[in-house]
Amino acid sequence: MACGSCGTTENGVPKGCKSNGNCGSGTCGSGSNKLAVFDWLSNMTLPSGQERFNIFEVRFKNGRKHFYKNPENLPITMGDIVAVEGSPGHDIGTVSLAGELVKVQMKKHKITEDHEDVKKIYRIASQRDIDIWQQARGKEEETQRKGREILGRLGLQMKLSDVEYQGDGNKATFYYTAETRVDFRQLIRDLASAFSIRVEMKQVGARQEAARLGGIGSCGRELCCSTWLTDFRKVTTSAARYQQLSLNPLKLAGQCGKLKCCLNFELDTYLDALKTFPKQDLVLKTEKGDAVFVKMDIFKNHLWYTYKEERFKWFRLTLEQVLEIVDLNKNNEKSISLEEYEADVEIPVKVDFEDAVGQDSLTRFDVPKTSNRKRNNRNKNKKKPVAVANTTNTRNKPTAKVNPNQKAKPTPNQKPNPNQKRKPQVKKQPNTNPNQKPKPNNNPNQNPNQKVKQDVVQKPKPKPKPRPRPRPKAQGIENKPEGEVKKVNKPRRNNRNNKNTNPKNDDNSEKK
């Protein structure tokens, strides 16, 4: 439903009243205007010879509406601000409905044209009337606050829910709720002397209070009582029992503190469906024992029963099976056990769409996301297996330490890589001459007791503790076994990274 300002222009651009979700013209039936009615007949012309209906519906604060005559035949349209008859004085309101639909509303509220509640429209409100009306509306919040202070001082068991000033500012109506009868004669005197106005007290129920104040329900929409619901029917707990709802007052109660009005909306549908179901206090007699009712699913026609002696197990039965057992019990016959009936029940498989992406899963963020960084770091920290030293290419392949006292294992023939540059190597021959002197070491910082290392970049190791220097062995006493390879220490080009703190020694020889 929408008014003319919510339409589109000739180019298809929406007009809009720029009220940010609320109807600015007061005819859309949503937003700030409570219990609004859209006039579908406003653009239709009346048949020839028929006069226009001369009674209008005028809206006041919080959805309060009344019907007023137009005896002077003023040119009034929907949305006009008019001055109407008050008691005493005059009141200011907005015309919410005009035309033939007013007859329908009067019939709905059981009000005739000559009813005493149908008063007169004095005039279309002037700017002075509107200014006085707005000033009076601005004093309502402060009046309500001071009125509650007076209530607390008098100790009356009542709740002041709302205050509404009349359009001329000479009268204020105080709406209150109370569970018992309250003597507020002294309260009226105190309020009249405090605000210098005429005071009228009006008691409303809890549902009418919620309808006047409005709010958002648990369903996420605006309250039904403040938008479209006009008659408040009695709601009992039996309505919740018929619909198989848990009797939880926190879920069944609305903002007014009473049972929700929406419990009556689908009650007739449930009552029609329950006509074919057996009574819940009926006991089923089987060969295994008596079974009692537990719960039911009305629209799936499923019922759950359990044995009196074995209540830990529930059995799902269909409505046809239960009616069959009831017929057998009427003929003084016992049916078979509930286990056999339950085996015949076919539970339909719920076919759901396949969500390949997983974006529609509500629990997709519950599982913590694992990253691969920790796994990679763990693999890097693992110790690599010890490999045999390879002298063919020591630049790209890491090698382990070589023990000079251990015989070298023969390595398989490896094919050379044609794309890789080969470094000239020095042929290593076994030392067969025992009288041959060892070659001098060009590195003066080299420790004679230090093992020969390959030209491979390795991680720095902690400094070893200094050990006593062994005595030099006589040359030529021991002979190397045949097949042992002597490794020549290549001269180092850069000695900056050498962090050896051992004492210098010119005699550099390998251990044998």
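The values are calculated or read from the model by the stated rules, or taken from the named source; none is laboratory data. Quick caveat, the model's predicted, so the values are computed rather than measured. Using ideal geometry, Cβ is built from the backbone for each residue, glycine included, and neighbour counts are taken over all protein chains shown. Calculation scope for accessible area: heavy atoms of the full protein, side chains included, ligands and nucleic acids excluded. Shrake-Rupley method; radii C 1.70, N 1.55, O 1.52, S 1.80 Å.
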Exercise. State yes or no: is residue 65 under 23 Å from residue 140 (Cα atoms), modelled with pLDDT under 85 and basic (Lys, Arg)?
Key: no
Practice problem: Could you tell me whether the stretch 271-294 includes any residue that is closer than 30 Å to residue 210 by Cα, within 38 Å of the chain's Cα centre (by Cα), surrounded by 14 or more Cβ atoms within 10 Å (Cβ to Cβ) and among the hydrophobic types (A, V, I, L, M, F, W, C)? | Solution: no
Quiz item: Can residue 365 be described as closer than 30 Å to residue 246 by Cα, open to solvent by 40 Å² or more (accessible area, probe 1.4 Å), at pLDDT below 90 and among the hydrophobic types (A, V, I, L, M, F, W, C)?
Solution: no
Quiz item: What number of residues in the stretch 50-99 are closer than 20 Å to residue 211 by Cα, charged (D, E, K, R) and out of contact with any Ser or Thr (no Cβ under 7 Å at 6 or more places or on another chain)?
Solution: 2
Quiz prompt | Selected residue [closer than 18 Å to residue 90 by Cα, open to solvent by less than 10 Å² (accessible area, probe 1.4 Å) and out of contact with any His (no Cβ under 9 Å at 6 or more places or on another chain)] from 199, 163 | solution = 163
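Looking at the stretch 329-336, can you tell me whether even one residue there is among the basic types (Lys, Arg), open to solvent by 100 Å² or more (accessible area, probe 1.4 Å), part of a helix (DSSP H, G or I) and at pLDDT below 65?
If we filter the stretch 329-336 for residues that are among the basic types (Lys, Arg), which is where we start, we get 330, 334.
Applying the additional criterion that residues be open to solvent by 100 Å² or more (accessible area, probe 1.4 Å) yields 330, 334.
Subsequent filtering for residues that are part of a helix (DSSP H, G or I) retains 330.
With at pLDDT below 65 added as a condition, the list becomes none.
There is no residue in the stretch 329-336 that is among the basic types (Lys, Arg), open to solvent by 100 Å² or more (accessible area, probe 1.4 Å), part of a helix (DSSP H, G or I) and at pLDDT below 65.
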Self-check item: Qualifying positions in the stretch 66-92 - open to solvent by less than 50 Å² (accessible area, probe 1.4 Å) and over 10 Å from residue 124 (Cα atoms)
Solution: 67, 68, 70, 79, 86, 89, 90, 91
Self-check item: Filter result for the condition that a residue is modelled with pLDDT under 90 and either within 17 Å of residue 159 (Cβ to Cβ) or in contact with a Leu (Cβ under 6 Å, 6 or more places away or on another chain) (or both), over 213, 250, 187
Solution: 213
Quiz prompt | Among the candidates 234, 275, 279, residue that is basic (Lys, Arg) and either in contact (Cβ under 8 Å) with a residue 12 or more places away in the chain or not in a loop (DSSP other than H, G, I, E, B) (or both) | solution = 275
Practice problem: Considering every residue within the stretch 111-133, establish whether at least one is within 30 Å of residue 38 (Cα to Cα), open to solvent by less than 20 Å² (accessible area, probe 1.4 Å), free of Cβ contacts under 8 Å to residues at least 60 places away in the same chain and of a type in the set (Val, Ile, Thr). | Solution: no
Quiz prompt | All positions within the stretch 305-314 that are within 11 Å of residue 293 (Cβ to Cβ) and either open to solvent by less than 100 Å² (accessible area, probe 1.4 Å) or among the charged types (D, E, K, R) (or both) | solution = 305, 306
Quiz item: Quick one: what pairs do we get from the stretch 301-330, first residue at positive phi, second open to solvent by 20 Å² or more (accessible area, probe 1.4 Å) and modelled with pLDDT under 90, C-beta under 7 Å, 6+ apart or different chains?
Solution: none
Quiz item: In the stretch 236-258, how many residues are within 23 Å of residue 297 (Cα to Cα) and either surrounded by 15 or more Cβ atoms within 10 Å (Cβ to Cβ) or of a type in the set (S, T, N, Q) (or both)?
Solution: 11
Quiz item: Looking at the stretch 202-226, which of its residues are polar (S, T, N, Q) and open to solvent by less than 40 Å² (accessible area, probe 1.4 Å)?
Solution: 226
